[in-house]
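Read through the structure below, which is laid out as structure tokens, and then see the notes.
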Amino acid sequence: MSQSPQELLQQLRIERGQRDIPEPRRRWPWVAGIAVAVALVAAGYLVWHATRAPLVRVAIVQPPSSDASGDSVLQATGYVTARRAATVSAQITGRLTEVHVEEGEHVVAGQLLARLDDSQAKAQLQLTEANEAAARAALGQYAANARLAQVTLHRERLLVDSGLAPRQSLDQAVASAAAAQAALANAHDQIAVAAAQRRAAQVEYDYTFVRAPFAGVITDKAAQVGEIVSPLSAGGGFTRTGVATIVDMNSLEVDVDVNESYIHRVRPGQPAEAVLDAYPDWRIPARVIAIVPTADKAKATVKVRVALLLKSARILPDMGVRVSFLEHAPATSTTPRGVLVPASALVMRGSGGLVWQVQKDHVREVPVRVRASIDDLKLVDGALVPGDAVVLEPTGLRAGMAVRVVADRGE
């Protein structure tokens, strides 16, 4: 028996209860997996980027100076020292509540380094200020009494002269006026005493502020917040005697020990050249300051002070140094302007040039102008200072690019 199309469609219909409904998919494992994959790819890229930083060789920029070869009469070793250095402490004993400096920080004269607990000093200052204010307020009363006593004295004198008052009343008025004047003078003295006490309390309060005595660099931070500091040693080991050490980098010089057998070759004002152990290719012009008039009998040496005629942030206290004492000053009376860089570090562009300076493992362009050629060195003008590091034979560099230094001549 044939079926109609409606009957066939009715047979193909699926009831609601017979449908297979799939469970909802859990998507978070896929999301987590994708995130982990992205993180791994990013980490791999960073490692790949770091390892692909180009390798560069660098040289240290030198100041123009004469060659001491054959001109040196004596060489000696020593150390860089600071003629102006101080371990700053508080002038009173107290507990630190604030410390505002860290090692390597530059400070100026008068800058606040630390603060002590000032609760007691502040209370004493407020008390003395109140006493001074009270003394000044009382002055008005004593001044009024003195004026009244003078008026009374004048009136009594007139009455006595006219025979209307006995002599005894005049004597009493004279005594009252003198007492009022004495009380007024004493009030002025009390104000002076109160002002002096207030100034003393102000000084004690100011002692709770530890300030830099001069401009310099913090080389040591000796105390932390909460510690007790004192200008005197407590002996128990729990009290700090200093807050920080400041070194004036402009006062750096060299102390060398010269064998007493050769001290006759050294004289004050003698030209010299210093070479730091850290930068053996960097010659620093120097001059003998003085020969210390005493000898070390244990070492058979005499100390000689040598001034460094070049200031640089690369020169640090306690660095080892070798000093060459010269027979005479360089032939030129003036030092040429600029610095010396290797010719291989110079990239010529038109009428000028540039070098690539390395700063914190990155490079930057420094435009320069060539002034003269000295063997394989170029005397250039620009933003470079002695002690800077420049790339030798630069190729394919870009401003801000990370680099890896493989051979640093002079460091």
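Nothing in this text is a laboratory measurement; each read-out follows from the coordinates by a stated rule. Bear in mind that the values here come from a model prediction, so they are computed numbers and not experimental data. FYI the Cβ positions are ideal-geometry reconstructions off the backbone, even for glycines, and counts take in every protein chain you see.
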5 angstrom amide H check on residue 165, placed H, neighbours 5+ away: 160
Packing rank of 166-179, 272-285, where each peptide gets the mean count of other beta carbons within 10 Å, highest leading: 272-285, 166-179
Inter-label distance for residue 105 and residue 209, nm, one decimal - labels placed 7 Å from Cα along Cα-to-Cβ: 1.6 nm
³J(HN,Hα) computed for each position of segment 267-274 - Karplus, 6.51 cos²θ - 1.76 cosθ + 1.60, integer Hz, glycine/proline x: 9, x, x, 5, x, 7, 9, 10
Amide H contacts of residue 114 (H built 1.01 Å from N, under 5 Å, at least 5 apart or other chain): 100, 210
Sorted by Cβ density within 10 Å, fewest first, the residues 206, 255, 388: 206, 255, 388
Karplus-derived 3J(HN,Hα), 6.51/-1.76/1.60, for each residue of segment 87-96, Hz, glycine and proline x: 8, 7, 10, 7, 8, 10, 8, x, 9, 6
Sorted by Cβ density within 10 Å, fewest first, the residues 370, 107: 370, 107
Cβ-based exposure ranking for 92, 289, in which fewest neighbours within 10 Å come first: 92, 289
Charge sum, other residues only, whose C-beta stays under 14 Å from residue 245's C-beta, Lys/Arg counted +1 and Asp/Glu -1: -3
Local net charge near residue 139, Cβ-Cβ under 14 Å (Lys/Arg +1, Asp/Glu -1): 0
In sequence order, calculated HN-Hα J values of segment 216-231 (Karplus, 6.51, -1.76, 1.60; Hz; x Gly/Pro): x, 10, 6, 9, 7, 9, 9, 9, 10, 4, x, 7, 8, 10, 8, x
Amide hydrogen neighbours beyond the local backbone of residue 281, cut-off 5 Å, H modeled: 410
